[in-house]
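The values are calculated or read from the model by the stated rules, or taken from the named source; none is laboratory data. The shown structure was predicted, so the numbers you read here are calculated from the model rather than taken from an experiment. Reconstructed Cβ throughout: ideal geometry from the backbone, glycine too, with neighbour counts over all protein chains shown. Remember, those area values only see protein heavy atoms, side chains included, never the ligands or the DNA or RNA. Shrake-Rupley method; radii C 1.70, N 1.55, O 1.52, S 1.80 Å.
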Amino acid sequence: MSNGFVELDRQGIPKEQLLAQMRSLQAQDANWKGGKTWSLVYYGGEEITDLLEEAYLTYFHGNALNPLAFPSLRKFENEVTAMTAALLGGGAEACGSLTSGGTESVLMGVKTARDLARAKQPHITAPEMIVPISVHPAFLKAAHYLGVKAVRIPVGSDFRVNLAAVREAVNENTILIVGSAPAYPQGVIDPIKELAALAQEKGISCHVDACLGGFMLPFIEKLGYPVPPFDFRAPGVTSISADIHKYGFAAKGASVIVYRNKEIRRHQYFALADWPGGLFGSPTMTGTRPGGAIAAAWAILKFLGEEGYLKLAQATMDNTRALMDGINAIEGLQILGQPEMSVFAFGSDSLDMNLVGDAMEGLGWHMDLQQKPSCLHLMVTPAHTSVVEQFINDLRESVNLVKKGEVAPSGLAAMYGMIRDVPTEDAENFILDFFNDLYTVS
Ligand SMILES: *Cc1c(COP(=O)(O)O)cnc(C)c1O
């Protein structure tokens with residue numbers, strides 16, 4: 001593919017014409033409002049969406065880069081972080097930062113663990129962190145960016161990390177142990193209490209990735225669902241990431257990284273005293289920080305309160321139960337592992353799940369295909385209430401079509417369920433080339 005070449009138009013386009021063009025382009029995007037997607041957008045209903053948009057626009061121009069110029073944004077940020085810390089069992093000492101998303105929270109968690117170790121164990125020159133194979137790629141990205149070696153540990157038949165293998169992998173260079181609550185692929189929670197105890201025994205950090213579960217597990221626990229200890233109540237947990245723009249139903253661009261205390265958080269911060277532009281300090285990775293996302297995050301927490309979140313969590317769990325029961329009742333399909341929450345995958349011993357996914361796509365669903373093992377992934381929200389029945393009916397029909405050999409393979413790959421015909425050899429180079437083409441004007 002040749003390199004696209006687009007220049008700035010000589011003359012501007014009139015506003016109405018431009019907005020019309022944008023709306024027609026947007027019409028081709030994923031239809032998340034209709035409940036046909038199972039990832040990417042967490043839709044809590046019109047009332048919530050309206051509030052988010054208004055709060056966001058009210059602070060559209062705000063910039064949290066300078067915490068002294070926008071005291072209102074600092075108040076929002078501090079309160080959002082404090083509310084999140086309290087939800088996650090943090091004591092009076094707990095503190096954190098608001099970030100642009102789960103990836104930034106994870107990058108900060110790894111960076112802080114690395115720099116804490118640099119201060120306390122300066123003999124470690126080649127730091128390593130232990131992560132389950134199921135951990136979010138953000139940790140591998142953190143390893144890639146931050147010069148920390150990621151040691152990936154297999155999961156057991158229950159899809160939780162193998163504890164004995166974690167213990168085995170700890171060595172004199174280990175600075176951090178990571179567990180997920182829950183992990184994205186099968187939605188199961190790693191044995192956090194045991195991982196954290198091991199980290200404590202070794203005097204190293206333990207990060208819990210609750211990007212998915214941070215705004216769901218505390219509420220379903222209150223609703224009476226069994227939730228294993230996954231937060232600061234587990235001794236040894238030093239940091240937790242929790243995305244408000246997932247099950248917190250905030251506008252995109254809001255996540256929290258929480259630390260057990262300020263002594264740890266200090267290692268996250270960056271300071272520069274001799275810059276000609278003046279004294280400089282920055283808590284997280286980003287410089288300019290859009291006020292809208294921060295304001296919307298504060299607004300949704302205040303608007304919903306515990307009662308609002310409990311209601312959304314109940315609706316989400318009801319949808320999850322109905323979907324799981326429906327899937328388990330279809331011969332040939334089964335739920336993988338025992339997911340505690342509302343994120344899960346289903347696979348088959350007898351059917352080609354790629355084909356099942358293809359058939360569902362043919363019926364208008366946007367499906368997320370996974371690998372190792374091959375399965376389809378669902379992240380359930382209250383927006384799915386109206387489609388549960390249709391989904392199960394369509395899934396039953398899809399399975400029948402696959403059994404009858406009536407589905408033509410599309411070659412769909414397990415990459416955002418969107419790309420096709422990926423080679424099995426050297427797939428990483430394929431992805432790099434694919435991205436080089438994808439991010440080119442066509
Ligand atoms: C989504 C997710 C992340 C990354 O969050 P982004 O907001 O997409 O950057 C990290 N961990 C888990 C478990 C996630 O589901």
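Which residue fluctuates the most in the chain, going by a Gaussian network model with Cα springs under 10 Å, if the choices are Val402, Val188, Val208?
Maximum among the listed residues: Val402.
All other residues with a Cβ under 12 Å from the Cβ of Ala359 taken together, and with Lys, Arg as +1 and Asp, Glu as -1, what is their net charge?
The answer is -3.
When Rg is the radius of gyration of the Cα atoms in the range 239-316 and Rh is its Kirkwood radius, what does Rg/Rh come to?
Computed over Cα atoms, the ratio is 1.09.
Do the alpha carbons of any pairs in Lys372/Lys404; Lys120/Lys252; Lys141/Lys246 sit beyond 28 Å of each other, and which pairs?
In this structure, Lys120/Lys252 exceed 28 Å between Cα atoms.
Cα to Cα, under 20 Å, and not fewer than 8 places away if on the same chain: which aspartates and glutamates meet these conditions relative to Lys311?
Counting by Cα, and skipping residues close in sequence, Lys311 has these aspartates and glutamates nearby: Glu46, Glu47, Asp50, Glu221, Asp243, Glu340.
Per residue, what accessible area does the chain have, given a 1.4 Å probe and all protein chains present, in Å²?
Dividing the accessible area of the chain by its residue count gives 50 Å².
In the P(r) worked out for the range 80-141, what percent of Cα pairs fall beyond 14 Å?
Details: 1252 of 1891 pairs.
Of all Cα-Cα distances in the range 80-141, 66 percent exceed 14 Å.
Using only Cα atoms, figure out Rg for the range 144-241 and give it as a multiple of 2.2 N^0.38 Å.
Values: Rg = 13.3 Å, N = 98, 2.2 N^0.38 = 12.6 Å.
For the range 144-241, the normalised Cα radius of gyration is 1.06.
Work out Dmax and Rg for the chain from the C-alpha atoms and quote the Rg first, both in angstrom.
22.7, 72
With a 1.4 Å probe and all protein chains kept in place, how much accessible area does Trp275 have, in Å² rounded to the nearest 10?
The accessible area of Trp275 comes to roughly 130 Å².
Can you work out ³J(HN,Hα) from phi for every residue in the range 317-327, in order, using Karplus 6.51 cos²θ - 1.76 cosθ + 1.60 and θ = phi - 60°, giving whole Hz and x for Gly and Pro?
3J(HN,Hα) across the range 317-327, in whole Hz: 5, 4, 4, 4, 4, 5, 5, 4, 4, x, 5.
What percent do you get for the relative contact order of the chain when only Cα pairs under 8 Å and 6+ apart count?
Relative contact order of the chain: 19 percent.
Gaussian network model of the chain, Cα springs within a sub-10 Å range: biggest mean-square fluctuation belongs to which of Ala254, Ala181, Ala322?
Looking only at Ala254, Ala181, Ala322, the largest GNM fluctuation is found for Ala322.
Of the heavy-atom accessible surface of the range 31-102 (probe 1.4 angstrom), what whole percent is carbon and sulfur?
Exposed carbon and sulfur together represent 59 percent of the surface.
Cut-off 10 angstrom, C-alpha nodes, Gaussian network model of the chain. Which of Leu176, Leu401, Leu336 fluctuates the most?
Sorting by GNM fluctuation, first place goes to Leu401.
Please state, to two decimals, what the Cα-based radius of gyration of the range 333-378 comes to when divided by 2.2 N^0.38 Å (N = residues).
Taking N as the residue count of the range 333-378, the ratio is 1.11.
Ratio of Rg to Rh for the range 298-348, alpha carbon only, Kirkwood?
1.16
Just to verify a number: FRET efficiency for Tyr145 and Thr58, C-beta to C-beta distance, R0 = 35 Å, to 0.05?
0.55
Under the 0.36 nm per residue contour assumption, what length would be gained going from the current alpha-carbon distance of Ser386 and Leu18 to full extension?
Roughly 129.1 nm would be gained on extension.
Using only the Cα atoms of the range 94-174, build the gyration tensor, take square roots of its eigenvalues as a ≥ b ≥ c, and label the shape rounded, prolate or oblate: rounded if a/c is under 1.5, else prolate if a/b is larger than b/c, else oblate. Intermediate results must be reported in sequence, preceding the final value.
Values: a/c = 1.94, a/b = 1.17, b/c = 1.67.
Taking the square roots of the gyration eigenvalues as a ≥ b ≥ c, the range 94-174 is oblate.
What's the extension gain from Ala92 to Glu168 if we count 0.36 nm per residue and subtract their Cα-Cα distance?
23.9 nm
5 Å is the cut-off here: which amide hydrogens, built 1.01 Å from N in the peptide plane, fall below it relative to Ile153, excluding neighbours closer than 5 in sequence?
Hits under the 5 Å cutoff: Val131, Ile133.
Provide, as a two-decimal number, the C-alpha radius of gyration of the range 24-85 over 2.2 N^0.38 Å, N being how many residues it has.
The value comes to 1.51.
What is the spin-label model distance, in nm, from Leu68 to Arg152 if the labels are put 7 Å beyond Cα along the C-beta direction?
In this crude spin-label approximation the distance works out to 4.6 nm.
Using r as the Cβ-Cβ distance of Asp274 and Asn393, and R0 as 45 Å, what FRET efficiency do you calculate, to the nearest 0.05? Spell out each step's value before the answer.
Values: r = 67 Å, r/R0 = 1.48.
Computed FRET efficiency for Asp274 and Asn393 comes out at 0.10.
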